1. On a full-extension model of 0.36 nm per residue, what is the gain between Glu202 and Met67, subtracting their alpha-carbon distance, rounded to one decimal in nm?
2. Which log10 I(q)/I(0) values does segment 1-102 give at q = 0.12 Å⁻¹ under the Debye formula, counting every alpha carbon as one identical point scatterer?
3. Of the residues Gly40, Gly173, Gly84, which exhibits the maximal mean-square fluctuation in a Gaussian network model of the chain defined by a 10 Å Cα contact cut-off?
4. Check each of the GluC sites (Glu not before Pro) in segment 157-204 and keep only those in coil by DSSP with at most 10 other C-beta atoms within 10 angstrom; list them in order.
5. Kindly state, to the nearest 0.05, the FRET efficiency for Glu12 paired with Glu96, given R0 = 35 Å and r defined as their beta-carbon distance.
6. Show me the helices of the chain, taken as full DSSP H stretches, that run 15 Å or more along their long axis by Cα and average 0.5 or above in Kyte-Doolittle hydropathy.
7. If the viscosity is 1.002 mPa s and the temperature 20 °C, what translational diffusion coefficient in µm²/s does Stokes-Einstein give for segment 127-226 when Rh comes from Kirkwood over Cα pairs?
8. List, in the order given, every pair from Lys131/Lys160; Lys93/Lys170; Lys128/Lys160; Lys86/Lys131; Lys150/Lys177 whose Cα-Cα distance in the structure shown is over 21 Å.
Amino acid sequence: YFIPPEQMTESEAVVTGDDAHHIANVMRARIGDSIIVSDGASREALAAISDIGKNRVVASIAEMLPMSAEPAIRVTIAQSLPKGDKMETIIQKGTEIGAVRFIPFISERTVVQYDAKKESKRLERWAKIAKEAAEQAHRNRVPAVESPLKWNELLQSVGKADAAFFCYEKEAGTMLKQELRRAIASRGGTEGMNVLLIVGPEGGFSEREASEAEAVGCVPVLLGARILRTETAGMVGLTCMLYEAGEMG
Ligand code: SAM
């Protein structure tokens, strides 16, 4: 269970809200049962339940656990907001596979309109999906889901990454694998490497967007010779990068 850092001391963890309800009423846990708690950032522990109250479960820390479920390479998926509930699927599957952050964005051919005022509920739902998928995957951290950016705002974040790629099926360019190998070699390893992978909408990137992305150092990459759906492309790119970085056997 991911709990706010302030609810986790050296010796005790306090679980509240829906998670406490889940422990007490769904899992029907008893005093003495063990749970795994994490502050979602740097601490994860095995804890034995010492008190079960209304919407509050207290557990004493038995042992700190290694943060071994987090990949060394930290991949952010920037996804042009797709139609329907594909974004929910991308967040769920991307979390299971090992993405650390999701940035939805609006590009020229993004079909859906995004109205920040109306959509706060959707942002909450995305965050909940990321938390639940991280718990299910026994991850140590919950991936962040940012509020949607405009295309030029996204381009401004390219420089903060150690390597940035945009998935561009149009160009007979290089495969993601080669470009990632090159980036890892020039950086001298994957530990803590921040990589941004940008995926276009159902209608793809425009030529203008492709040249703007390249102009800020974002490298166009191929994900094979087949045209993938937008909700598939990010998953393929993420898996390919984690595999190439030795995170998957
Ligand atoms: N232009 C495509 C077409 O003609 O059907 C539509 C875009 S594709 C359905 C959605 C997005 O997935 C693209 O913008 C791209 O980012 C990514 N994508 C799909 N297949 C790809 C591939 N083989 N290599 C790189 N990116 C790919």
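The values are calculated or read from the model by the stated rules, or taken from the named source; none is laboratory data. Quick caveat, the model's predicted, so the values are computed rather than measured. FYI the Cβ positions are ideal-geometry reconstructions off the backbone, even for glycines, and counts take in every protein chain you see. These area figures cover heavy atoms from the full protein model, side chains too; ligands, DNA and RNA do not enter into them. Shrake-Rupley method; radii C 1.70, N 1.55, O 1.52, S 1.80 Å.
1. Stretched fully, the Glu202-Met67 segment lengthens by 45.0 nm.
2. At q = 0.12 Å⁻¹ the computed log10 ratios are -0.50.
3. Among Gly40, Gly173, Gly84, the largest GNM mean-square fluctuation belongs to Gly84.
4. Answer by residue number: Glu191.
5. Plugging the Cβ-Cβ distance into 1/(1 + (r/R0)^6) gives 0.70.
6. Details: long enough: 86-97 (16 Å, -0.39); 120-136 (24 Å, -1.23); 176-187 (16 Å, -0.79); 230-244 (21 Å, 0.58).
Going by DSSP H runs, the hits are 230-244.
7. On the way: Rh = 15.2 Å.
Answer from the Stokes-Einstein relation: 141 µm²/s.
8. Values: Lys131/Lys160 25 Å; Lys93/Lys170 25 Å; Lys128/Lys160 27 Å; Lys86/Lys131 17 Å; Lys150/Lys177 28 Å.
From the list (Lys131/Lys160; Lys93/Lys170; Lys128/Lys160; Lys86/Lys131; Lys150/Lys177), the Cα-Cα distance tops 21 Å for Lys131/Lys160; Lys93/Lys170; Lys128/Lys160; Lys150/Lys177.
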